[in-house]
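The structure under discussion appears below in the form of structure tokens.
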There are 2 protein chains.
Amino acid sequence: MNYPNKKKQFEKSTTTSKLGMTLEADINLTNLYYLEKNIAVIHKKPTPVQVVKVNYPSRNKAKITEAYYKTPSTTDYNGIYRSKYIDFDCKETNQKTSLPLSNIHKHQQQHLKDIHVQGGIAFLIVHFKKHQKYFLMPYLVLKPFFDQEINRQSIPYETFVSQGYEIPFGLMPRLDYLKVIDQFLIV
Amino acid sequence: MNYPNKKKQFEKSTTTSKLGMTLEADINLTNLYYLEKNIAVIHKKPTPVQVVKVNYPSRNKAKITEAYYKTPSTTDYNGIYRSKYIDFDCKETNQKTSLPLSNIHKHQQQHLKDIHVQGGIAFLIVHFKKHQKYFLMPYLVLKPFFDQEINRQSIPYETFVSQGYEIPFGLMPRLDYLKVIDQFLIV
């Protein structure tokens, strides 16, 4: 496992004064921590690729020589925690005042809804880089924006502050989003 | 949605006297049926690919020119049904008397165990092509083989018949494995 050395990570994040690497890398490290501590089993799905051409230079090795990235049909992350089905996607933005809805594909919106309807815990984790803040946004807070009951093209930063749950950035795990779920979402 | 025309499918499967296409295709059609009927949300994960080289022939289009298939670190399928976390893999074999354990990667065995420990429903769906039979095998039936408490390199066909649950092959859905889960696994 590539779980990083505690000290090294700490030095890195303090000397560069950058909070974390990318959100995806931070979530992946967090999930690895959860897995190794038997807290939860949550994995990132592979990026979907449309393979067009494959060569076989040797008998056992297939070499893909033409392929294209596909739009994912679901969210990137899912798994199980305390017997509950967990499903989410991560979004990072340089915007200060809002998260554009165009960052959340229509099929991802539909997927989060499908999961919520089935009784799963569906949400987004959003990183506002300029504020250095991370928020967990449950589906029900996002729903009026997805369904255009609130007629806007973006979700205001104030909505994150007032209706979302802030995830503190830490050392181990980096982004303890399951603690937020413990407090607010599982009753 | 590419859900096939009922009549066409029926003709195809009867005229060729082949049961289904491949197991994966049959499961994917079954999952699409579940999704459209709001019965469950279960998706196949994309096949993981290690991308080595990407070209950008035009500004918006990334063309992958060198990539390799990676070994999946989990099972291929997961999702939610009746608020329960579901996780499984599909295996197809031409063997008559047993399923070789080598068909189930060590990390897949570990993943099924992790899911079971977290309270999820973990299993395999196995197609014995020569018998034209499909079985759902819960993790607990597989466990003694995975852990080598039963000291064999394969799981005997009799174990499937006596301890597994047969999934009848149908028209819509093709392989109604959630019905098996209704009957036997959710209490």
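Every number here is computed from the coordinates shown, using simple stated rules; none is lab data. Just so we're clear, the structure is a prediction, and the values are computed from it rather than from any experiment. Note: ideal-geometry Cβ built from the backbone for every residue, glycine included; neighbour counts use all protein chains shown.
For B:Cys90, which sequence-distant residues (separation of 5 or more, or a different chain) have an amide H within less than 5 Å of its own amide H, given hydrogens modelled in the peptide plane?
HN-HN under 5 Å from B:Cys90: B:Asp76, B:Ile125.
Can you check how the C-alpha radius of gyration of the protein assembly as shown compares to 2.2 N^0.38 Å, as a plain ratio?
1.06
Using 5 Å bins from zero, what percent of all Cα-Cα pairs in the range A:102-187 falls into each bin?
3, 13, 24, 25, 20, 12, 3, 1
In terms of modelled amide H atoms, which long-range or inter-chain residues lie less than 5 Å from the amide H of A:Leu175?
Amide H neighbours of A:Leu175: A:Thr30, A:Gly170.
Using the 7 Å Cα-to-Cβ label point, sort the distances from A:Asn94 to its equivalents in the other copies shortest first and give them in nm to one decimal.
Ordered by distance, the counterparts are at 5.5 nm.
So how far apart, in nm, are the two label points at A:Asn38 and B:Ser102 if each is 7 Å from Cα heading toward Cβ?
About 3.2 nm, to one decimal.
Which semi-axis lengths, in whole Å and largest first, follow from the square roots of five times the eigenvalues of the Cα gyration tensor of chain A?
28, 23, 18
Using a label point 7 angstrom from Cα along Cα-to-C-beta, what distances in nm, from shortest up, separate A:Gln153 from the other copies?
6.4
Amide H neighbours of B:Ser154 under 5 Å, counting only residues 5+ apart in sequence or on other chains, H built in-plane at 1.01 Å?
B:Leu101
Could you please report the charge total around A:Asp182, scoring K, R as +1 and D, E as -1 over all other residues with beta-carbon less than 13 angstrom from its beta-carbon?
It works out to a net charge of +2.
How far apart, in nanometres, would the label points at B:Gln95 and A:Asn94 be if each is projected 7 angstrom from Cα along the Cα-to-Cβ direction?
5.5 nm
Hey, got the dipole for the protein assembly as shown? About the Cα centre, +1 on K and R Cβ, -1 on D and E Cβ, debye to the nearest 20?
The calculated dipole for the protein assembly as shown is roughly 1080 debye.
Roughly how far apart, in whole Å, are the Cα centres of the range A:114-154 and the range B:42-113?
If we compute the Cα centre of each part, the gap is 28 Å.
Using a label point 7 Å beyond Cα on the Cα-Cβ vector, give me the inter-copy distances for B:Pro57 in nanometres, one decimal, shortest first.
Relative to the other copies, B:Pro57 has label-point distances of 2.1 nm.
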